[in-house]
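Peer 1: First the structure, then my questions, so here it is.
The values are calculated or read from the model by the stated rules, or taken from the named source; none is laboratory data. Just so it is clear, the structure is predicted and the values come from calculations on it, not from any experiment. Virtual Cβ from ideal backbone geometry, glycine too; neighbours counted across all protein chains shown. The area values use the complete protein model at the heavy-atom level, side chains included, leaving out ligands, DNA and RNA. Shrake-Rupley method; radii C 1.70, N 1.55, O 1.52, S 1.80 Å.
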Amino acid sequence: MKEMLEKIRASALEALNEENADLEAIRIRFLGKKGELTAVLRGMGALSAEERPIIGQLANEVRAEIEKAIAERSSAAAEKKLAEKLLSEKIDVTMPAKAEIGHIHPLTLISRELEDIFVGMGFSIVEGPEVELDYYNFQALNIPENHPARDTQDTFYITDKILLRSQTSPVQARTMEVQKPPIRIISPGRVYRSDAVDATHSPLFHQLEGLVIDKNITMGDLKGVLEIFAKETFGEDTRIRFRPHHFPFTEPSAEVDVSCFACGGNGCRMCKGEGWIEILGAGMVHPNVLRNCGIDPDVYSGFAFGFGIERIAMLKYHIDDMRLLYENDVRFLSQF
Ligand code: PHE
């Protein structure tokens, strides 16, 4: 029996030494209920009383040795597996990145260009709240209580007195309240109007408005600034023209056209045969607005203008549907 036990020990250790040893199969084969060691132990009853403890002790030794060998083999296998996993999942941080370079959104691009043009003329950029008081959006700007622009169909009201600004002009009122002339600012930003979405309308769009207040500011200054803006935006040959208009916050007021930069003014599809394209509203700041904001209209005068940034982007980049600017289709965006 002693020999049998030694043989079991030797063959178990040998099996465990094999490269791809199946540890569970080895355990069952040698230590399992029907295993070889168990079979030997069953025969112990036939041994003499002297032999029994000796063989019993040896059998225990063999069992312990095989168990220990299996445990060692098993943890070695786990370690090896982990090492292989770590190796195969290793990331080479020195590899060049394959990330695609993004594009600047056309609205961002045009906003930066426009801001640069006005900063170049000495304007500073001022921002204001999009959730605005009725007072700054309307009242301070000489838009009376019953003016159609206040209609809830055009303006998103939050309460009676609070709304989503429908223009960036409230930033100008806020600036005049706290800053004494000379004032030379532009206010770009998001504005909201209750318009249905179509090729030229969106309930959220962007405006850029300008304001200059000082002594002896005239409509000639307004014209000079807008001429530079038009030439830098649409090309050196661009001309502008003023048409009489009405805004509550300016007097006199004008709508301003640029000569069609596609046909040079002869008339084409772009300008619908007109030779001119309307791009902005402007005028001399109404004395009531100056007074509302604490500026003496007998001492100071100024001009203001405002336009939609989307409209400028669409004209300049020949985009025929405003929705393209909001849909984030990569095929569209990657062209910029
Ligand atoms: N706030 C006007 C608008 O939204 C634009 C404008 C600004 C017109 C300043 C005149 C002077 O239509």
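Peer 1: Residue check: is Y300 among the hydroxyl-bearing types (S, T, Y) and either closer than 30 Å to M176 by Cβ or buried (at least 17 other Cβ atoms within 10 Å of the Cβ) (or both)? Working first, answer last.
Peer 2: Values: among the hydroxyl-bearing types (S, T, Y): yes; either closer than 30 Å to M176 by Cβ or buried (at least 17 other Cβ atoms within 10 Å of the Cβ) (or both): yes.
Spelling it out, Y300 is indeed among the hydroxyl-bearing types (S, T, Y) and either closer than 30 Å to M176 by Cβ or buried (at least 17 other Cβ atoms within 10 Å of the Cβ) (or both).
Peer 1: For residues in the range 207-228 being under 21 Å from P182 (Cα atoms) and in a strand (DSSP E or B), which is farthest from the ligand (Cβ to nearest atom)?
Peer 2: D214
Peer 1: Tell me the residue from K231, K161 that is without any contact (Cβ under 8 Å) to a residue 60 or more places away in the chain, over 14 Å from A282 (Cα atoms), touching a Phe, Trp or Tyr at 6+ places or on another chain (Cβ under 8 Å) and more than 16 Å from the ligand (Cβ to nearest atom), please.
Peer 2: Numbers: K231 fails: touching a Phe, Trp or Tyr at 6+ places or on another chain (Cβ under 8 Å).
When all the criteria are applied, what remains is K161.
Peer 1: Out of the residues in the range 1-37 that are farther than 27 Å from K80 by Cβ and either assigned to a loop (DSSP other than H, G, I, E, B) or of a type in the set (F, W, Y) (or both), which is least open to solvent (accessible area, probe 1.4 Å)?
Peer 2: Restricting to residues being farther than 27 Å from K80 by Cβ and either assigned to a loop (DSSP other than H, G, I, E, B) or of a type in the set (F, W, Y) (or both), the top hit is M1.
Peer 1: Among F303, F307, which is more than 20 Å from Y192 (Cβ to Cβ) and in contact with a Leu (Cβ under 6 Å, 6 or more places away or on another chain)?
Peer 2: Residue meeting the stated conditions: F303.
Peer 1: So is F307 among the aromatic types (F, W, Y) and either at pLDDT 95 or above or within 16 Å of the ligand (Cβ to nearest atom) (or both) or not?
Peer 2: yes
Peer 1: How many residues, within the range 254-276, are within 16 Å of the ligand (Cβ to nearest atom) and either open to solvent by 10 Å² or more (accessible area, probe 1.4 Å) or more than 30 Å from V171 (Cβ to Cβ) (or both)?
Peer 2: 1
Peer 1: Only residues that are farther than 14 Å from M4 by Cβ, of a type in the set (A, V, I, L, M) and in contact with a Lys or Arg (Cβ under 9 Å, 6 or more places away or on another chain): list them for the range 30-65, please.
Peer 2: Selection gives L31 alone.
Peer 1: Out of A149, A173, which single residue is closer than 21 Å to L290 by Cβ and touching a Phe, Trp or Tyr at 6+ places or on another chain (Cβ under 6 Å)? Don't jump to the end; show me each part of the working.
Peer 2: Details: A149 fails: touching a Phe, Trp or Tyr at 6+ places or on another chain (Cβ under 6 Å).
Within the list A149, A173, the selection yields A173.
Peer 1: Turning to a different aspect of this structure: Across the range 164-200, what is the number of residues that are within 16 Å of the ligand (Cβ to nearest atom) and in a strand (DSSP E or B)? Spell out how you get there, then give the answer.
Peer 2: Looking only at the range 164-200, we keep the residues that are within 16 Å of the ligand (Cβ to nearest atom), and these are 164-176, 183-195, 200.
Narrowing further to those that are in a strand (DSSP E or B): 164, 183-192.
So the count comes out to 11.
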